[in-house]
Amino acid sequence: MRDTVVKDTMLVDGYNVIHAWPELIELSKDNLEHARDKLGEILTGYGAFKSYAVMLVFDAQGVAGQESCREENEHLMTVYTKEGETADSYIEKTAYLLARQDRSANVYVVTSDWMEQRIILGAGAFRISARELYLDVKKTGQILKETFSEGVLNRGRHELGSRISGEVAKRLDEIRRS
């Protein structure tokens, strides 16, 4: 989030996503804080891979005395809204400002709330449903797994057969057999 390079921004309605993803639903039944942390961890990797500045927003509406709070690392900003402020209103305002601020960068809003989607589209942002994000996160994870698994398997191997021509390999095999 501190980069000076213009990045696309992804605003995520945290509780909307937690209540839409199967593993986070289960996790939140036992420990909501753990589910929030897990979502933040997932979005940190996803955002880094996609080169998004990710802002994860949780509302504190109904929490007496809550002040607006931000936690930030290199790839993720987590925002807890102030008392009486919904995540929806925070996201709407931020999406509008970001979309107007720099037209060369895209603003994506992740929510499955139909009314919220309509409002952010009007603000000039793109909408992504919680399910669409879930599927893309899974697909991205599979790509990373395949890419790094393949790289790890081949990284330490320096077999001669992979560095010589087929003709040379054939001749060496003949010599070995004789």
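The values are calculated or read from the model by the stated rules, or taken from the named source; none is laboratory data. What you are looking at is a predicted structure, and each value in this text was computed from that prediction instead of being measured. For neighbour counting, all protein chains shown are included, and Cβ atoms are generated from backbone atoms with ideal geometry for every residue, glycine included.
For the reader, a short list of remarks on this structure follows.
- Residue match in the range 161-178 (condition: within 37 Å of the chain's Cα centre (by Cα) and modelled with pLDDT under 80): yes
- Single residue of the range 36-76 satisfying the filter (more than 18 Å from the chain's Cα centre (by Cα) and among the acidic types (D, E)) that is modelled with the highest pLDDT: D59
A quick yes/no check of all residues on (1) at pLDDT below 85; (2) within 19 Å of the chain's Cα centre (by Cα):
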residue: Y90; (1), (2): no, no
residue: V107; (1), (2): no, yes
residue: T111; (1), (2): no, yes
residue: L121; (1), (2): yes, no
residue: E132; (1), (2): no, yes
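- So V12, is it at pLDDT 90 or above and of a type in the set (V, I, T): yes
- Enumeration of residues in the range 84-119 that are touching a residue at least 60 places away in the same chain (Cβ under 8 Å), under 17 Å from D8 (Cβ atoms) and touching a strand residue (DSSP E or B) at 6+ places or on another chain (Cβ under 7 Å): I91, T94, A95, L98, A105, N106, V107, Y108, V109, V110, T111
- Pairs, first under 16 Å from G40 (Cα atoms) in the range 124-137, second of a type in the set (F, W, Y) and outside any helix (DSSP H, G or I), C-beta under 8 Å, six or more apart: A130/W21; Y134/W21
- Residue in the range 138-152 that is crowded, with 16+ Cβ neighbours inside 10 Å and modelled with pLDDT under 90 present: no
- First in the range 22-40 and free of Cβ contacts under 8 Å to residues at least 24 places away in the same chain, second anywhere and polar (S, T, N, Q), Cβ under 6 Å, 6 or more apart: A35/S28
- Residue count for the range 70-119, restricted to those that are of a type outside the set (S, T, Y), touching a Phe, Trp or Tyr at 6+ places or on another chain (Cβ under 8 Å) and more than 21 Å from A48 (Cβ to Cβ): 1
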